[in-house]
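A.B. asks: Pasting a structure below so you can have a look.
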Amino acid sequence: MLGSNIVADGHAHGFSVRVVTHIHQDHIVDLRKSIREASFIAATPLTLDLLEVAGYRVPPSKRLTLPYSVSVSIDGDVLTLRRANHVPGAAETVVELSNGYRIGYTGDFKLPGTDILYELDVLVIDATYGAEEWVRPWQDEIDILLADVVQEGLMHGPVYIYGYYGKIEEIMLLLRRYGVDAPFLVNQRIGRSVAVLERHGYRVGEVVVDGTREALEVRRSGWYIGFRHYSSWRRRRLLPPSNGLRPVHVLLTGWEFREPLRRISPREWIVSFSDHADFRQLVSYVEEARPRMLIVDGYRGGRAAAYFASYVSKRLGIPAVVQPSTERWTK
Ligand SMILES: [Zn+2]
């Protein structure tokens, strides 16, 4: 809750605006209830359209489309969304209450590419990786390492990439940035997201949707990148060869801290790729933002949230608490 009118990424009775920072499941909890009860659903234009793809119909009269850094006043509270590097369309939320009190909520983010929110009375931060050992020192190079694994894999056969929705779309854009131009083979759900991204000016290149004639041809060629949901990883070995070529499989996970890339078999890679700040980045965000007070999101942060809060208050001298506080950090 950010003041008495605006609530972000959760439902609360009697609030007039619900902000959706991005399309991940744990951030759209009870969204249908909010669509019914709240006056407005506020999000970036891209997020609002991606919600449709995910099956949420927001009536036009309730759509509050907020491009980054554009402010809107709601009963005296000023709401602004800022850019977050997480999944396409992701945003941070800033609310300035009528009494001048400023509250910021990062939502999910990683650095760089996320606006630091300054001059806040309270900053609410996502601290998924809030424990000191959860660092990925390679976070700056991982994009190019991943692109290399994919390019190299394509020389031997099709490449399948496994990740969560949102992350998949991000990886598609990343691969194009690094000059990977093989066609993408996707399911219908991802196909619809891609169409939305294209409508919003992103260039995703050649994408073919499973079940179409083009998909058959692409499969036959054996030169393509297939995207599949994270949960399909355990069924990867059931995929038949294409054009006599056995696929290379790449799993994206944020919970790999030993090394950036791990080859678990000649055709299977685990890549340490996350859309969340690691511990180091969390600390540097808070150090730079220097809010008067920090609230660590305990709903999504789990036990690490408590550790991060105590680290911030001890090391950075910024009062920090976990809310809601349900779990204690034990090591
Ligand atoms: Zn997320």
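A.B. asks: Mind counting the residues in region 211-220 that are open to solvent by 60 Å² or more (accessible area, probe 1.4 Å) and on the phi < 0 side of the Ramachandran plot?
C.D. replies: The number of residues fulfilling the criteria is 6.
A.B. asks: Identify the residue in region 91-100 that is in contact (Cβ under 8 Å) with a residue 60 or more places away in the chain and more than 16 Å from the ligand (Cβ to nearest atom) and, among all such residues, is nearest to residue 311 (Cα to Cα).
C.D. replies: 95
A.B. asks: May I ask you to verify whether residue 292 is in the same structural domain as residue 150 (by TED's automatic domain parsing), surrounded by fewer than 21 Cβ atoms within 10 Å (Cβ to Cβ), modelled with pLDDT of 90 or more and not hydrophobic (A, V, I, L, M, F, W, C)?
C.D. replies: Spelling it out, it is not the case that residue 292 is in the same structural domain as residue 150 (by TED's automatic domain parsing), surrounded by fewer than 21 Cβ atoms within 10 Å (Cβ to Cβ), modelled with pLDDT of 90 or more and not hydrophobic (A, V, I, L, M, F, W, C).
A.B. asks: Right, something else. Could you check region 161-195 and list, in sequence order, the residues that are of a type in the set (Ser, Thr, Tyr) and either assigned to a helix (DSSP H, G or I) or open to solvent by 10 Å² or more (accessible area, probe 1.4 Å) (or both)?
C.D. replies: 164, 165, 178, 193
A.B. asks: I'm checking my understanding of the structure. Among residues of region 108-149 that are without any contact (Cβ under 8 Å) to a residue 60 or more places away in the chain and either in contact with a helix residue (DSSP H, G or I) (Cβ under 6 Å, 6 or more places away or on another chain) or open to solvent by less than 10 Å² (accessible area, probe 1.4 Å) (or both), which one is farthest from the ligand (Cβ to nearest atom)?
C.D. replies: Once the filter is applied, the top-ranked residue is 147.
A.B. asks: Being surrounded by 14 or more Cβ atoms within 10 Å (Cβ to Cβ) and in contact with a Ser or Thr (Cβ under 9 Å, 6 or more places away or on another chain): is that true of residue 224 here?
C.D. replies: When the stated conditions are applied, residue 224 passes them.
A.B. asks: At pLDDT 95 or above, buried (at least 20 other Cβ atoms within 10 Å of the Cβ) and assigned by TED's automatic domain parsing to the domain that holds residue 91: does that describe residue 286?
C.D. replies: yes
A.B. asks: All but one of (1) of a type outside the set (Gly, Ala, Ser); (2) surrounded by fewer than 16 Cβ atoms within 10 Å (Cβ to Cβ); (3) over 26 Å from residue 229 (Cα atoms) hold for residue 102; which doesn't?
C.D. replies: Of (1) of a type outside the set (Gly, Ala, Ser); (2) surrounded by fewer than 16 Cβ atoms within 10 Å (Cβ to Cβ); (3) over 26 Å from residue 229 (Cα atoms), only one is false for residue 102: (2).
A.B. asks: What do you reckon, is residue 153 part of a loop (DSSP other than H, G, I, E, B), more than 16 Å from the ligand (Cβ to nearest atom) and more than 17 Å from residue 51 (Cα to Cα)?
C.D. replies: For residue 153, the condition - part of a loop (DSSP other than H, G, I, E, B), more than 16 Å from the ligand (Cβ to nearest atom) and more than 17 Å from residue 51 (Cα to Cα) - is not met.
The values are calculated or read from the model by the stated rules, or taken from the named source; none is laboratory data. Given the structure is predicted, the values throughout are model-derived calculations rather than measurements. Please note: Cβ atoms are built from the backbone with ideal geometry, for glycine as well, and neighbour counts cover all protein chains shown. Calculation scope for accessible area: heavy atoms of the full protein, side chains included, ligands and nucleic acids excluded. Shrake-Rupley method; radii C 1.70, N 1.55, O 1.52, S 1.80 Å.
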